[in-house]
Amino acid sequence: MVEDCLFCGIAEGSIPATKLYEDDGTVAFADLNPQAPTHVLVITKRHFADVVELAVDPEASAALLGGVRATVEQLGLSDFRMLFNTGREAGQTVFHVHAHVLSGRPMAWPPG
């Protein structure tokens with residue numbers, strides 16, 4: 001856990017969140033600023049700054065994707081967008097890896 005990391009606090013339970021799924025390696029919770037009718041963040045319980053840092057750990061990478069799979073199955077989503085923002089210019093505001101899972105409306109392309 002990294003001190004002063006919002007998502008580390010959510011993962012350890014010291015910061016409240018609307019949790020939708022949790023397992024040994026991940027937590028999924030509702031985004032406080034949803035960009036779609038369904039907007040869930042799936043995080044690793046271990047701290048990784050971003051998806052590039054996560055990619056060097058195959059076990060944690062697989063755990064995050066497994067958490068996404070379990071979350072979308074639990075929510076009954078068949079159509080969804082999953083994305084990672086990496087770096088400030090890409091929109092990352094919390095530097096703890098997290099997958100955005102968005103659903104419930106048509107998704108335009110290109111995004112942004």
Answer residue from region 24-45, given it is free of Cβ contacts under 8 Å to residues at least 60 places away in the same chain and in contact with a helix residue (DSSP H, G or I) (Cβ under 6 Å, 6 or more places away or on another chain) and is farthest from L65 (Cα to Cα) among those | K45
Enumerate the pairs (first residue in region 75-89 and more than 18 Å from L65 (Cβ to Cβ); second residue anywhere and surrounded by 11 or more Cβ atoms within 10 Å (Cβ to Cβ)) with beta-carbon separation below 8 Å, excluding pairs fewer than 6 apart on the same chain, so at least 6 apart or on different chains.
-> G87/D50
Quick one: H100 ticks every box in (1) within 13 Å of V42 (Cα to Cα); (2) in contact with a helix residue (DSSP H, G or I) (Cβ under 8 Å, 6 or more places away or on another chain) except a single one, so which number is it?
-> (2)
When you look at R46, is it among the basic types (K, R) and either within 20 Å of D4 (Cα to Cα) or under 10 Å from the mean Cα position of the chain (by Cα) (or both), yes or no?
-> yes
Check every one of the helices (runs of 4 or more DSSP H) wholly within region 3-112 and list those with 3 or more residues that are surrounded by 15 or more Cβ atoms within 10 Å (Cβ to Cβ) and β-branched (V, I, T).
-> 58-75
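Read-outs throughout are calculated quantities, based only on the coordinates presented, and are distinct from any laboratory measurement. Just so we're clear, the structure is a prediction, and the values are computed from it rather than from any experiment. Ideal geometry is used to build each Cβ from the backbone, glycine not excepted, and the neighbour counts take in all protein chains shown.
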